[in-house]
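**Q** Dumping the structure here so I can ask a few things about it.
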Amino acid sequence: MKTIIEPFRIKMVEPIKLTTQAEREVKLRAVHFNVFQIPADDVIIDLLTDSGTAAMSSEQWAGMIRSDESYAGARSWFRFESVMRDLTGMPHILPTHQGRASERILFELIGGAGKVIPSNNHFDTTRANIEHSGAKAVDLVIDEGKQPRSHHPFKGNIDLAKLARLITEVGPERIPVCMLTVTNNSGGGQPASLENIRATRDLCHRHGIPFFLDACRFAENAYLIKQREHGQANRSAREIAQEMFALADGATISAKKDGLVNIGGVLLMCDDALAARANNLLILTEGFVTYGGLAGRDLEAMAQGFVEVLDEHYLEYRIRSTAYLGEGLMKAGVQIVEPPGGHAIYIDASAFCPHIPPSAFPGQALVCALYRHAGIRAVEIGSVMFGAGGAPPMELVRLALPRRVYTQSHIDYVIEAITELYQQRDSLHGLRIIEEPPTLRHFTAKFAEI
Ligand SMILES: *Cc1c(COP(=O)(O)O)cnc(C)c1O
């Protein structure tokens, strides 16, 4: 059979409120063309983020009912710990309320003024936590990772020559850790290869530098390794994921992605002394070491989610759905970041609306048009998000796919809407900012049409 189906059936549904274009026009104007300010109930297909938006399985919900809410040593903790140990082999497993809490604990301990922390691309909360500690965050993704139309299979790889140069320049004693984000969220959801992960680990270890994964999308990365890396096709995604973790000295994870839950995170490490200090910080700000800021039911849902996410049929459907959206758009002539990565499709907005200059925010114009035309919510990743500090490298619109939430007909609707908009792209209007906050302006800035 050629058709890849959603490998689940639906036993609980959440109605979508359907709105008309005229109604959406009114709402868009009321929020000054900033879709972050639109109530989710007024969105038909919400592709704002894949974070914390997954649909949980019947087994996850059942686990939540079975959960143990004891303060210390709850049964739910032991189940979670055993699932994570099996998957990662890490001796120290710290539950946290989400990814950035893991980052904050890690960088509070090993960051600080004068330190330099490289990665392929740091995710924005990771960078912010590193900089908050006083350290410097450096992005060293390979050059192909910055070119939207390069077809390199592993555009999330770190550039080993650049990493070696950095180590020589600043000295290994100033590099407390080297990170690698899998898949590379800020770089288009592109995977890193097992070969690159291994080589990065080897280079770091030659200089005594610990190597950590930002492993939020470890399962999607593992499946893309299986599909794209020579010699990996016959291994299970689980075996590949286990090898990825075995190569690392630790990891930060937001379970809101491949953990298939709505809240949760993990901090993993091998070093006993570092773990003892991390546990102290965990108790100080998150909670006791056997729950870390979560309820027992959250630990149950995570434990089950980290098992389900490595189901090969799920991963096949997941990666295929993302590619299907990308291929549908490319067939209509829309330019995207190629090849499609794991969790999202990124439209090249400057190619979509060449008549709108970066100063008039082509990505934001497209985001607004998509909402107006079809009630679809996407997010601008371009001059609005990053332009306040100088020109960003690309004007992108991200369509992030929540896990197990939308079916193929929802995706067909998105493809049709964007195809129609592309055919009338000359009518899209640029925008100007009429009000903006001093930082993180994309959340609250107000716009007017030009
Ligand atoms: C989401 C994300 C984080 C932060 O996780 P939160 O749960 O949102 O705090 C860190 N790194 C990457 C790559 C992410 O995608």
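The values are calculated or read from the model by the stated rules, or taken from the named source; none is laboratory data. A quick note: this is a predicted structure, and the numbers were derived from the prediction, not measured. Every residue, glycine as well, gets a Cβ built from its backbone with ideal geometry; the counts of neighbours run over all protein chains shown. With ligands, DNA and RNA removed, areas are computed over all heavy atoms of the protein, side chains included. Shrake-Rupley method; radii C 1.70, N 1.55, O 1.52, S 1.80 Å.
**Q** Of the numbered conditions (1) under 24 Å from Arg24 (Cβ atoms); (2) out of contact with any Ser or Thr (no Cβ under 9 Å at 6 or more places or on another chain); (3) β-branched (Val, Ile, Thr); (4) buried (at least 24 other Cβ atoms within 10 Å of the Cβ), Ile345 fails exactly one; give the number of that condition.
**A** It fails just one condition, (2).
**Q** Taking the options Glu23, Glu6, name whichever one is open to solvent by 30 Å² or more (accessible area, probe 1.4 Å) and assigned to a helix (DSSP H, G or I).
**A** Testing whether each residue is open to solvent by 30 Å² or more (accessible area, probe 1.4 Å) and assigned to a helix (DSSP H, G or I) leaves just Glu23.
**Q** Then there's this: For the range 288-297, give me each residue that is open to solvent by less than 30 Å² (accessible area, probe 1.4 Å) and either in contact with a Ser or Thr (Cβ under 6 Å, 6 or more places away or on another chain) or within 16 Å of the ligand (Cβ to nearest atom) (or both).
**A** Of everything in the range 288-297, those that are open to solvent by less than 30 Å² (accessible area, probe 1.4 Å) and either in contact with a Ser or Thr (Cβ under 6 Å, 6 or more places away or on another chain) or within 16 Å of the ligand (Cβ to nearest atom) (or both) turn out to be Gly292, Leu294, Gly296.
**Q** Among Glu144, Glu131, which is the only one that is in contact with a Ser or Thr (Cβ under 6 Å, 6 or more places away or on another chain), away from the ligand (no atom under 13 Å from the Cβ) and farther than 28 Å from Val309 by Cα?
**A** Glu144
**Q** What are the residues in the range 85-98 that are touching a Phe, Trp or Tyr at 6+ places or on another chain (Cβ under 8 Å) and either within 16 Å of the ligand (Cβ to nearest atom) or under 20 Å from Ser186 (Cα atoms) (or both), if any?
**A** Pro95, the sole residue that qualifies.
**Q** Residue by residue through the range 258-275, note down the ones that are open to solvent by less than 10 Å² (accessible area, probe 1.4 Å) and either within 15 Å of the ligand (Cβ to nearest atom) or free of Cβ contacts under 8 Å to residues at least 40 places away in the same chain (or both). First the steps, then the outcome.
**A** Initial filter on the range 258-275 (open to solvent by less than 10 Å² (accessible area, probe 1.4 Å)): 258-261, 264-269, 275.
Asp258, Gly259, Leu260, Val261, Gly264, Gly265, Val266, Leu267, Leu268 - these are the residues of the range 258-275 that are open to solvent by less than 10 Å² (accessible area, probe 1.4 Å) and either within 15 Å of the ligand (Cβ to nearest atom) or free of Cβ contacts under 8 Å to residues at least 40 places away in the same chain (or both).
**Q** Moving to a separate point now. Just give me the residues in the range 85-98 being open to solvent by 40 Å² or more (accessible area, probe 1.4 Å) and part of a strand (DSSP E or B), in sequence order.
**A** His92
**Q** Hey, another quick one. When you go through (1) open to solvent by 10 Å² or more (accessible area, probe 1.4 Å); (2) more than 22 Å from the chain's Cα centre (by Cα) one by one for Ala278, which number turns out not to apply?
**A** (1)
**Q** Check every one of the strands (runs of 3 or more DSSP E) wholly within the range 353-450 and list those with 3 or more residues that are touching a residue at least 40 places away in the same chain (Cβ under 8 Å) and within 19 Å of the chain's Cα centre (by Cα).
**A** Per the criteria, 396-400.
**Q** Sticking with this one: When you scan the range 66-84, do you find a residue that is open to solvent by less than 60 Å² (accessible area, probe 1.4 Å), within 27 Å of the chain's Cα centre (by Cα) and among the aliphatic types (A, V, I, L, M), even just one?
**A** yes
**Q** Of the conditions (1) outside any loop (DSSP other than H, G, I, E, B); (2) within 26 Å of Gly99 (Cβ to Cβ); (3) more than 16 Å from the ligand (Cβ to nearest atom), Ile197 fails just one. Which one is it?
**A** (3)
**Q** Here's another thing I want to ask about it. Among the residues that make up the range 229-238, is at least one of them in contact (Cβ under 8 Å) with a residue 24 or more places away in the chain and buried (at least 22 other Cβ atoms within 10 Å of the Cβ)?
**A** Yes: one or more hits.
**Q** Of the residues that make up the range 176-190, is at least one over 17 Å from the mean Cα position of the chain (by Cα) and open to solvent by 10 Å² or more (accessible area, probe 1.4 Å)?
**A** So far as the range 176-190 goes, yes, one or more of its residues are over 17 Å from the mean Cα position of the chain (by Cα) and open to solvent by 10 Å² or more (accessible area, probe 1.4 Å).
**Q** Test of understanding: among Ile130, Ile142, which residue is open to solvent by 10 Å² or more (accessible area, probe 1.4 Å), under 21 Å from the mean Cα position of the chain (by Cα) and on the phi < 0 side of the Ramachandran plot?
**A** Unique residue meeting the criteria: Ile142.
**Q** Examine the range 250-257 for a residue that is at pLDDT 95 or above, more than 16 Å from the ligand (Cβ to nearest atom), out of contact with any strand residue (DSSP E or B) (no Cβ under 8 Å at 6 or more places or on another chain) and under 25 Å from Asn196 (Cβ atoms), and state whether such a residue exists. Walk me through how you get there before you give the answer.
**A** Let us first name the residues in the range 250-257 that are at pLDDT 95 or above, namely 250-257.
In the following step, the residues that additionally are more than 16 Å from the ligand (Cβ to nearest atom) were identified as none.
Scanning the range 250-257 turns up no residue that is at pLDDT 95 or above, more than 16 Å from the ligand (Cβ to nearest atom), out of contact with any strand residue (DSSP E or B) (no Cβ under 8 Å at 6 or more places or on another chain) and under 25 Å from Asn196 (Cβ atoms).
**Q** For the range 213-227, enumerate the residues that are among the aromatic types (Phe, Trp, Tyr) and either away from the ligand (no atom under 16 Å from the Cβ) or surrounded by fewer than 24 Cβ atoms within 10 Å (Cβ to Cβ) (or both).
**A** Tyr223
**Q** Go through the range 44-65 and give me each residue that's over 20 Å from the mean Cα position of the chain (by Cα), touching a residue at least 12 places away in the same chain (Cβ under 8 Å) and either open to solvent by less than 60 Å² (accessible area, probe 1.4 Å) or within 16 Å of the ligand (Cβ to nearest atom) (or both).
**A** Of everything in the range 44-65, those that are over 20 Å from the mean Cα position of the chain (by Cα), touching a residue at least 12 places away in the same chain (Cβ under 8 Å) and either open to solvent by less than 60 Å² (accessible area, probe 1.4 Å) or within 16 Å of the ligand (Cβ to nearest atom) (or both) turn out to be Ile44, Ser57, Gln60, Gly63, Met64.
**Q** Evaluate the following for Ile38: is it open to solvent by less than 60 Å² (accessible area, probe 1.4 Å), within 24 Å of the chain's Cα centre (by Cα) and assigned by TED's automatic domain parsing to the domain that holds Val384?
**A** Answer is yes for this residue.
**Q** Could you list all residues from the range 99-115 that are surrounded by fewer than 22 Cβ atoms within 10 Å (Cβ to Cβ) and within 16 Å of the ligand (Cβ to nearest atom)?
**A** Arg100, Glu108 - these are the residues of the range 99-115 that are surrounded by fewer than 22 Cβ atoms within 10 Å (Cβ to Cβ) and within 16 Å of the ligand (Cβ to nearest atom).
**Q** Here's another thing I want to ask about it. Anything in the range 411-432 that is in contact with a strand residue (DSSP E or B) (Cβ under 7 Å, 6 or more places away or on another chain) and surrounded by fewer than 18 Cβ atoms within 10 Å (Cβ to Cβ)? List them, or say none. Don't jump to the end; show me each part of the working.
**A** Filtering the range 411-432 down to residues in contact with a strand residue (DSSP E or B) (Cβ under 7 Å, 6 or more places away or on another chain) leaves 413-414, 417, 429, 431-432.
Once the filter is applied, which keeps residues that are in contact with a strand residue (DSSP E or B) (Cβ under 7 Å, 6 or more places away or on another chain) and surrounded by fewer than 18 Cβ atoms within 10 Å (Cβ to Cβ), the range 411-432 yields Tyr413, His429, Arg432.
**Q** Could you check how many residues of the range 145-167 are closer than 27 Å to Gly99 by Cα and open to solvent by 50 Å² or more (accessible area, probe 1.4 Å)?
**A** Residues flagged as closer than 27 Å to Gly99 by Cα and open to solvent by 50 Å² or more (accessible area, probe 1.4 Å) within the range 145-167 amount to 3.
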